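Notes for the one structure printed next.
Quick note: the coordinates plus some simple rules give every number you see, no bench work behind them. No experiment lies behind these values; they were computed from the predicted model shown. No Cβ is skipped: glycine too gets one built from the backbone with ideal geometry, and neighbour counts run over all protein chains shown.
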């Protein structure tokens, strides 16, 4: 398999980044859910928060590589071709997912910056994006939480659409993004 996309299927770079992002998004949301099971100030809560930040910033770094690969390559055709309204809806869904993967880490980074907290990133400390301002940080955190809840729906709809194309429409939408079996 080539690393570049072809008109028939996605290349190994796109496939790897897609499924790595899936794993990272699951990890981010899992850390969010786990964090609520620990009392404030406990090591478990702190650790799940730090991993949440690091996974989120990893998504932020990788989404730019995904967008570059998307911009430089071709998009494989779906066989049989879906109607125009479905292609437009799919494009909107993808743009919403990219916006989620960009906005959420930035909002999280701004929240930590505004709270005057360290921004951990795999052994590094990222610079703050703004001066400490607890009131603004609380507002940004509210946005982060709200958009994060929308993320559950976006990701769920994206997953359901892929499965519906595969099992109900029986087109190659999903199989273009699956790793090849040997």
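For the reader, a short list of remarks on this structure follows.
- Residue within the range 69-87 that is farther than 19 Å from residue 9 by Cα and assigned to a helix (DSSP H, G or I) present: yes
- Members of the range 132-151 that are closer than 22 Å to residue 29 by Cβ, in contact with a helix residue (DSSP H, G or I) (Cβ under 6 Å, 6 or more places away or on another chain) and either surrounded by fewer than 12 Cβ atoms within 10 Å (Cβ to Cβ) or without any contact (Cβ under 8 Å) to a residue 24 or more places away in the chain (or both): none
- Residue 28 vs. criteria out of contact with any helix residue (DSSP H, G or I) (no Cβ under 8 Å at 6 or more places or on another chain) and either part of a helix (DSSP H, G or I) or more than 15 Å from residue 59 (Cα to Cα) (or both): no
- Residues in the range 115-131 that are touching a helix residue (DSSP H, G or I) at 6+ places or on another chain (Cβ under 9 Å) and over 21 Å from residue 32 (Cα atoms): 127, 128, 129, 130, 131.
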